[in-house]
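The values are calculated or read from the model by the stated rules, or taken from the named source; none is laboratory data. Note that the coordinates shown come from a computational prediction; the quantities given were computed from them, not determined experimentally. So basically every Cβ, Gly included, is an ideal-geometry build from the backbone, and we count neighbours across all protein chains shown.
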Amino acid sequence: MLKENIKSIRKSKGLSQEELAIKLNVVRQTISKWEQGLSVPDSEMLISISEVFETPVSILLGENISESNVDDLKAISEKLEIINLQLSQRKNSRRKIIHWVLILLAAIIIMTFIGIIVLNSPYLDWNYSNPEKAVIGVNFHMFEWLFVRIAPIILIGTIVGIFFTRKKV
């Protein structure tokens, strides 16, 4: 089988025995012996022949290509299936993390709103003649003022985010 493959591939590439011998750094008689089946090339020479012919060694040795392609495709599809499964698991875990972070953010916002309502702005009754108390009171007031205006928008965004990241059944 090897002898026929070497001869047919050499002819299909348009090479004479002499030209192939020059490319492989052997004498023409060596090529002739291979093609007659009187001798066989060693493993290193098979690799050199496959490089000159731009053909895999398996084809030179007569491996059935259709079977190997089916096996290769099956192996590739199994690897792709594993990769897709891993990507799906990573996506699900990322979705779960985002979902729970959004729930935590919404809970913090709601708890802060409850805290602001329960405390009922105690800093308004403070004596602002003390400069340190005045700075703290102004900061509390600024936080409360910003929070009351921005937090509802963030809360709505988190609720929408929680809705979109929930597990679909």
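Annotation note: Cβ proximity below 7 Å between a residue of region 133-152 that is of a type in the set (A, V, I, L, M, F, W, C) and a residue that is outside any helix (DSSP H, G or I) (sequence gap 6+ or interchain) occurs for A134/Y128. When each of S8, S88, S16, S77 is tested for being of a type in the set (S, T, Y) and touching a helix residue (DSSP H, G or I) at 6+ places or on another chain (Cβ under 9 Å), the lone residue that passes is S16.
Residue check: is S48 surrounded by 12 or more Cβ atoms within 10 Å (Cβ to Cβ), at pLDDT 90 or above, of a type outside the set (V, I, T) and within 27 Å of E4 (Cβ to Cβ)? Before you say what the answer is, go through the steps one by one.
Values: surrounded by 12 or more Cβ atoms within 10 Å (Cβ to Cβ): yes; at pLDDT 90 or above: no; of a type outside the set (V, I, T): yes; within 27 Å of E4 (Cβ to Cβ): yes.
Spelling it out, it is not the case that S48 is surrounded by 12 or more Cβ atoms within 10 Å (Cβ to Cβ), at pLDDT 90 or above, of a type outside the set (V, I, T) and within 27 Å of E4 (Cβ to Cβ).
Taken residue by residue, region 12-26 has no member that is of a type in the set (D, E, K, R), under 25 Å from D72 (Cα atoms) and within 45 Å of the chain's Cα centre (by Cα).
Here is a check on your reading of the model: is N84 over 27 Å from I153 (Cα atoms), surrounded by 10 or more Cβ atoms within 10 Å (Cβ to Cβ), among the polar types (S, T, N, Q) and at pLDDT 85 or above? Considered against the rule, which asks whether it is over 27 Å from I153 (Cα atoms), surrounded by 10 or more Cβ atoms within 10 Å (Cβ to Cβ), among the polar types (S, T, N, Q) and at pLDDT 85 or above, N84 comes out as no. Checked against (1) assigned by TED's automatic domain parsing to the domain that holds I150; (2) touching a Phe, Trp or Tyr at 6+ places or on another chain (Cβ under 9 Å), A106 passes all but a single condition, namely (2).
Residue-wise test of (1) within 23 Å of K167 (Cβ to Cβ); (2) among the charged types (D, E, K, R); (3) surrounded by fewer than 13 Cβ atoms within 10 Å (Cβ to Cβ).
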| position | (1), (2), (3) |
| --- | --- |
| K91 | yes, yes, yes |
| R94 | yes, yes, yes |
| I97 | yes, no, yes |
| V101 | yes, no, no |
| I116 | no, no, no |
| D125 | no, yes, yes |
| A134 | no, no, no |
| N139 | no, no, yes |
| L146 | no, no, yes |
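Taking the listed residues S58, S129, S77, the one that is of a type in the set (S, T, N, Q), more than 30 Å from K3 (Cβ to Cβ), free of Cβ contacts under 8 Å to residues at least 60 places away in the same chain and part of a helix (DSSP H, G or I) is S77, with no other qualifying. Taking the criterion of being outside any helix (DSSP H, G or I) and either among the basic types (K, R) or in contact with a Phe, Trp or Tyr (Cβ under 7 Å, 6 or more places away or on another chain) (or both), the residues of region 15-48 that qualify are V40, P41. When I98, I117 are checked against the criterion of being in contact (Cβ under 8 Å) with a residue 40 or more places away in the chain, at negative phi and in a helix (DSSP H, G or I), a single residue qualifies: I98.
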